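For reference, the structure is listed below as structure tokens.
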Amino acid sequence: MKDYKLDTLCVQAGYSPKTGEARIPPVVQSTTYVYEKTQDMADLFDLKSDGYFYTRLANPTVAAFEGKVAALEGGVCAIGCASGMSATSLAVFTVAGAGDNILSSAAVYGGTYNLFSTTLPKLGIECRFFDPDAPTSEIEKLIDGKTKMIFTETVANPAIVVLDFEKIAKISKKHKVLFAVDNTLATPVLCQPKKWGANIIIHSSSKYLDGHAAALGGVIVDAGNFDYKGNERYPSFNEPDESYHGLVYADLPVAFGTKCRAQMIRDLGAIMSPQNGFISYIGCDTLALRMERHSSNAQKVAAYLKKHPKIEWINHPSLKDNKYYKLAQKYMPSGQGGMMSFGIKGSVEKCAAFMEALQLITQETHVADVRSCVLHPASTTHRQLSEEDLKNAGVPHNLIRLSVGIENPDDIIEDLKQALEKV
Ligand SMILES: *Cc1c(COP(=O)(O)O)cnc(C)c1O
């Protein structure tokens, strides 16, 4: 499928039925698979042949979804996970253990921030946060011999910070440290992180990939462009894995993906379910079309809010005076996605009054699906953060996050207009 364009891959990649087989991937709702020959099963356990033996390790429906995302991201392997959070956790655990550290942009999704700042340290993994706008030298200073990963987001949720890929790629190459990026809000349709030097690409497929707010899921893509062989930073890739009869992951064609599945998925088990794999696979069929519409709708909505007298500030990278306009033009030239944030003039109470006055746009703890929705992070997703942490995460008190859906843009704007009249 390699030579097809992205919009074709959205529809066609991941599953090619043979004659007489179902046109779309069947939901293989089975925990296990039968074999006649003992040796065939032994070969599967030894990773000597491909196939299915237990759904915790692989499932044909989930594999269709994995194949599609791997094709879209240009990766050598993808692993479907139970959620975006499990995808991030499993990616970190594949390379880091107690005594190690990772670097992360401070502008990341709230759940990721909690995982990195609170839960990882309890397991002995330190996270060193950096300002994504900081110069190279400042970020580099945080790296030492125990640093296993630099973690970032293409478009940070909810701060809408656009990543300077080349800056991070340069650091990653120089220090031979993995560059991981959460590409959830851009999707491979708007930005292809591998092209810009990322080694591991993560998605919460609960967002645009599924697109319909129907299935929780996550996916880890191994871009296959990092050399672990002899890299002293990664002894666990260069020493035999005793839990896998002495396998040396650095010697394999797909090192990270194999270690992640054979070790982490095997031991931690946070795999995507067949039903969610099916829904996410079908969701991706329309991904290219949807991202085009999300982006053009958001551009219109942002231009409208920008001129509204009751709006104090608005943050969408399609706006020419946006801090990240140039980076967005470079890394997401075909569209900047449906996520934006803005502040209403006056007290914080006005945020609630505005959101409650909306009729079409609903309040929910979700983003990036076909329906427009809003959220006030300071009182919901980020409510456990201190005043200072809120500031560091780029979330002022009056920030309203708006995820622009694929409805008619005039109806979205009309709803915003009537709600703003009421505050
Ligand atoms: C939602 C989200 C996650 C977490 O994904 P879940 O599927 O909810 O676990 C991670 N990163 C980003 C950017 C997100 O928006």
- Query: What is the list of residues in the stretch 183-226 whose amide nitrogen lies under 17 Å from a point 7 angstrom out from the Cα of E292, following Cα to Cβ?
  - Reply: 187-191
- Query: Can you give me the Cα centroid spacing of the stretch 353-391 and the stretch 281-295 in angstrom?
  - Reply: 23 Å
- Projected onto the charge dipole of the chain (+1 at Lys/Arg Cβ, -1 at Asp/Glu Cβ, origin at the Cα centre), which of S83, L115, N199 gives the Cα projection farthest towards the positive end? N199
- Could you work out the local net charge near K146, counting Lys and Arg as +1, Asp and Glu as -1, over the other residues with Cβ closer than 10 Å to its Cβ? -1
- Note on the structure: Quick calc, the stretch 118-196, dipole around Cα centre from Cβ unit charges on Lys, Arg (+) and Asp, Glu (-), nearest 20 debye, gives 420 debye
- Query: For the Cα atoms of the chain, what angle does the longest principal axis make with the long axis of helix 165-175, in degrees from 0 to 90, nearest 10?
  - Reply: 40 degrees
- Message: Which one, A87, A288, A180, has the greatest fluctuation when you compute a Gaussian network model over the chain with C-alpha springs under 10 angstrom?
- Response: A288
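Run lengths n ≥ 4 of DSSP H only: what is the helix-derived mean residue ellipticity at 222 nm for the chain, with -39500 (n - 2.57) per run over all residues, to the nearest 500? Write out the running numbers ahead of the final one.
Working: 16 runs with 142 residues, N = 423.
Roughly -9500 deg cm²/dmol at 222 nm, from the helical runs in the chain.
What is the gain in length, in nm to one decimal, between T31 and S334 on full extension, counting 0.36 nm per residue of separation less the C-alpha to C-alpha distance? Could you put the intermediate results ahead of the total?
Details: separation 303, 0.36 × 303 = 109.08 nm, distance 4.12 nm.
The T31-S334 span can extend by a further 105.0 nm.
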- Taking θ as phi - 60°, what are the ³J(HN,Hα) couplings along the stretch 181-192 by the Karplus curve (6.51, -1.76, 1.60), each to the nearest whole Hz, with x for Gly and Pro? 9, 8, 9, 3, 7, 9, 6, x, 5, 9, 8, 10
- Note on the structure: If one compares the long axis through the Cα atoms of helix 274-285 with the longest principal axis of the Cα atoms of the chain, the angle in degrees, nearest 10, works out at 60 degrees
- Item | Using alpha-carbon coordinates, inclination of helix 287-306 to the longest axis of the chain, degrees | 30 degrees
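Using a Förster distance of 22 Å, how high is the FRET efficiency between I413 and Y325, based on the Cβ-Cβ distance and rounded to 0.05? Before the final figure, lay out the partial values.
Working: r = 21 Å, r/R0 = 0.98.
That pair, I413 with Y325, gives E of 0.55.
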- Item | Against the rule of thumb 2.2 N^0.38 Å, how large the Cα Rg of the stretch 329-423 comes out | 1.12
- Quick one: what are the phi-derived ³J(HN,Hα) couplings along the stretch 47-55, Karplus 6.51/-1.76/1.60 with θ = phi - 60°, whole Hz, x for glycine and proline? 6, 7, 9, 8, x, 10, 10, 7, 5
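Please find the FRET efficiency linking S117 to D227, where r is the Cβ-Cβ separation and R0 is fixed at 45 Å, and quote it to the nearest 0.05.
0.90
Percentage of Cα-Cα pair distances in the chain greater than 35 Å, rounded to whole percent? Numbers along the way, then the final one.
Numbers: 25175 of 89253 pairs.
Distances greater than 35 Å cover 28 percent of the Cα pairs.
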- Rounded Å value of the spacing that divides the Cα centres of the stretch 302-334 and the stretch 190-217: 22 Å
- Within the chain, excluding any trypsin sites (Lys or Arg not before Pro) found in a DSSP loop (not H, G, I, E or B) and having at most 10 other Cβ atoms within 10 Å, the longest uninterrupted segment runs 49-306
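What is the gain in length, in nm to one decimal, between L47 and K173 on full extension, counting 0.36 nm per residue of separation less the C-alpha to C-alpha distance? If you can, show how the numbers build up before the last one.
Working: separation 126, 0.36 × 126 = 45.36 nm, distance 3.04 nm.
Extending this stretch completely gives an extra 42.3 nm.
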- Note on the structure: Highest GNM mean-square fluctuation among V370, V395, V348, for the chain with Cα springs under 10 Å, belongs to V348
- Query: At what distance in nm do the modelled label points of R23 and Q359 sit from each other, each positioned 7 Å from its Cα along Cα→Cβ?
  - Reply: 3.9 nm
- Task: Among N398, N297, F354, pick out the residue whose Cα is farthest towards the positive end of the charge dipole of the stretch 288-420, where Lys and Arg carry +1 and Asp and Glu carry -1 on C-beta, about the Cα centre.
- Result: N297
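Readers should treat all values here as calculations from the given coordinates under stated rules, not as data from a laboratory. Here the structure is a predicted model, which means the values were calculated and not measured. Note that each Cβ is placed from the backbone with ideal geometry, even for glycine, and that neighbours are counted across all protein chains shown.
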